[in-house]
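Input: a single structure, listed below in structure tokens.
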Amino acid sequence: MSTTLAPAHPDVRTFETTVDAVDGREVTLSETYFYAESGGQPADRGTLDGVRVVDVQSREGEVVHVLDEPPAFEAGDTVTADIDDEFRTYCMRAHTASHVLYGAGRGLLSELGYGGFDISPEKVRVDFTTTTDIDDETLVELERRVNRAVWESRPVTWEQRTLEDALDDPDIAFNTKTEEGVMADADSIRVVTVGAAARRGDESVGSGSSGDPWDVAACGGTHVSNTREIGPVEVLGRSNPGEGLTRVEFAVGPEAVERRADVKRAALDASRTFGTSVVELPEFAAKLKADKEELAAELREAKTAMLAADLDSLPTVERNGATWRVGVVSGVGPNEVGDELQSRVGDGADVIAVAGEQGSTFVVVATDGEVDAGDVVDEITDEFGGGGGGSPTFAQGGGLSASPEEVAESLRET
């Protein structure tokens with residue numbers, strides 16, 4: 001039986017070890033510092049005697065290294081192992097950042113619980129259970145607190161504690177999904193602590209006093225030894241994956257730097273375009289939105305007034321003892337026309353029929369019921385194609401293969 005030494009010694013990148021067994025591309029070692037995929041942290045990358053390691057898994061108490069190809073070495077041989085330094089360092093920073101994020105949540109979110117975690121090359125996600133609505137303001141505050149904790153150079157330590165003692169400690173966060181298997185077979189569990197601040201700023205951002213640990217959690221991953229090693233953290237967004245969870249995604253390292261530069265560039269471009277500062281941009285955008293809504297309302301009123309004037313000036317024609325108003329409207333769609341037509345039927349006209357254009361030619365007909373509006377639309381679509389329908393007092397059709405003027409002329413002559 002072998003276990004990975006990576007969590008206890010995360011800084012080891014090169015080591016020599018003895019091969020226990022080789023089965024095709026799968027290798028077990030007498031001891032290993034490769035991290036086996038678990039708890040949301042991906043497996044380490046690297047090489048064994050120059051052969052690429054593509055996966056590392058824990059199976060039945062053994063750490064299995066899956067190679068890119070069958071190796072030349074055999075059981076009993078001594079091999080040199082090299083762990084991909086860049087990827088391991090990224091995972092250490094990302095995993096520790098997730099603890100710092102949870103610690104930030106302790107001071108902001110009510111009834112906080114831990115529901116999941118995952119590291120990908122582009123971003124990291126942490127799933128919370130909480131009764132707090134994580135809105136934009138809360139998201140910004142989470143990011144601010146995380147980066148404050150990074151700046152404060154808080155020590156990160158780990159130790160084994162008895163499972164009973166850990167479960168009795170209300171300050172220890174447990175991710176039951178990822179730690180359940182560990183807790184089932186062990187008498188002790190590894191606890192990671194993000195400690196008190198080494199540097200004191202002008203305010204405390206933690207959930208307790210400045211001397212309290214930032215976060216304490218049961219965890220078997222690899223971590224940096226100080227929060228300053230994490231570097232900048234950029235919160236990307238939030239979502240609701242179900243099961244009562246709120247998912248917060250963030251970037252660490254180069255991805256965070258690039259994202260921050262993109263956001264700053266966009267903010268500067270927008271502020272330059274509108275002739276204001278970045279800080280005043282939200283207020284300017286709010287005013288711009290209000291102005292747009294006011295102009296849209298004025299435009300709707302103007303279009304309604306113009307439509308009313310157009311309808312009132314439509315020429316009339318007598319057909320079968322009924323007075324029809326027939327003509328063409330412009331700048332409006334069939335739905336906008338409909339309400340106005342129906343409100344004017346009976347006011348000097350038994351039928352009002354108009355044609356217009358919105359993408360394609362349409363026709364709208366409103367009547368007092370003596371003339372069937374649906375029949376009128378059917379006659380027009382029979383002549384010009386398209387389709388439509390409605391009730392005896394109101395109907396409309398669209399997709400007509402004729403100009404509005406041609407349709408209006410047909411209505412007058414039919």
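Restricted to segment 22-44, and to residues there that are part of a strand (DSSP E or B) and of a type outside the set (Val, Ile, Thr), the residue that is most open to solvent (accessible area, probe 1.4 Å) is Asp23. For segment 289-299, the set of residues classified as under 32 Å from the mean Cα position of the chain (by Cα) and either surrounded by 11 or more Cβ atoms within 10 Å (Cβ to Cβ) or charged (D, E, K, R) (or both) consists of Lys289, Asp291, Lys292, Glu293, Glu294, listed by residue number. Checking each residue in segment 355-370 for being of a type outside the set (D, E, K, R), at negative phi and surrounded by fewer than 21 Cβ atoms within 10 Å (Cβ to Cβ) picks out Gln358, Ser360. If only residues of segment 45-100 that are open to solvent by less than 50 Å² (accessible area, probe 1.4 Å) and charged (D, E, K, R) are counted, the one that is nearest to Gly231 (Cα to Cα) is Arg88.
Conditions tested, residue by residue: (1) within 23 Å of Phe128 (Cβ to Cβ); (2) within 24 Å of the chain's Cα centre (by Cα); (3) basic (Lys, Arg).
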position: Gly220; (1), (2), (3): yes, no, no
position: Asn226; (1), (2), (3): no, no, no
position: Glu234; (1), (2), (3): yes, yes, no
position: Ala261; (1), (2), (3): no, yes, no
position: Leu268; (1), (2), (3): no, yes, no
position: Thr273; (1), (2), (3): no, no, no
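Among the residues of segment 1-21, those that are aliphatic (A, V, I, L, M) and either closer than 22 Å to Glu159 by Cα or part of a loop (DSSP other than H, G, I, E, B) (or both) comprise Met1, Leu5, Ala6, Ala8, Val12.
Checking each residue in segment 1-11 for being open to solvent by 20 Å² or more (accessible area, probe 1.4 Å) and touching a helix residue (DSSP H, G or I) at 6+ places or on another chain (Cβ under 9 Å) picks out only Asp11.
Once segment 101-119 is narrowed to residues that are over 20 Å from Asp55 (Cα atoms) and among the aromatic types (Phe, Trp, Tyr), the residue that is surrounded by the fewest Cβ atoms within 10 Å (Cβ to Cβ) is Tyr114.
Scan segment 204-220 and tell me whether some residue there is under 17 Å from Ala8 (Cβ atoms) and modelled with pLDDT under 55. No.
Among the residues of segment 379-414, those that are farther than 19 Å from Ala322 by Cα and open to solvent by 60 Å² or more (accessible area, probe 1.4 Å) comprise Asp382, Glu383, Gly390, Ser401, Glu405, Glu406.
All conditions but one from (1) buried (at least 19 other Cβ atoms within 10 Å of the Cβ); (2) under 26 Å from Ser225 (Cα atoms) apply to Glu122; the one that does not is (1). For segment 117-153, the tally of residues that are among the aliphatic types (A, V, I, L, M) and assigned to a helix (DSSP H, G or I) stands at 6.
Within segment 162-178, one or more residues are in contact with a strand residue (DSSP E or B) (Cβ under 6 Å, 6 or more places away or on another chain), among the polar types (S, T, N, Q) and surrounded by fewer than 21 Cβ atoms within 10 Å (Cβ to Cβ). Report whether or not Asp127 is open to solvent by less than 10 Å² (accessible area, probe 1.4 Å), modelled with pLDDT under 95 and not polar (S, T, N, Q). Spelling it out, Asp127 is indeed open to solvent by less than 10 Å² (accessible area, probe 1.4 Å), modelled with pLDDT under 95 and not polar (S, T, N, Q). Filtered by the rule that a residue be surrounded by 12 or more Cβ atoms within 10 Å (Cβ to Cβ), of a type in the set (A, V, I, L, M), without any contact (Cβ under 8 Å) to a residue 40 or more places away in the chain and farther than 20 Å from Gly390 by Cβ, segment 300-354 gives Met306, Ala308.
The values are calculated or read from the model by the stated rules, or taken from the named source; none is laboratory data. The shown structure was predicted, so the numbers you read here are calculated from the model rather than taken from an experiment. No Cβ is skipped: glycine too gets one built from the backbone with ideal geometry, and neighbour counts run over all protein chains shown. SASA here: full protein model, heavy atoms, side chains in, ligands and nucleic acids out. Shrake-Rupley method; radii C 1.70, N 1.55, O 1.52, S 1.80 Å.
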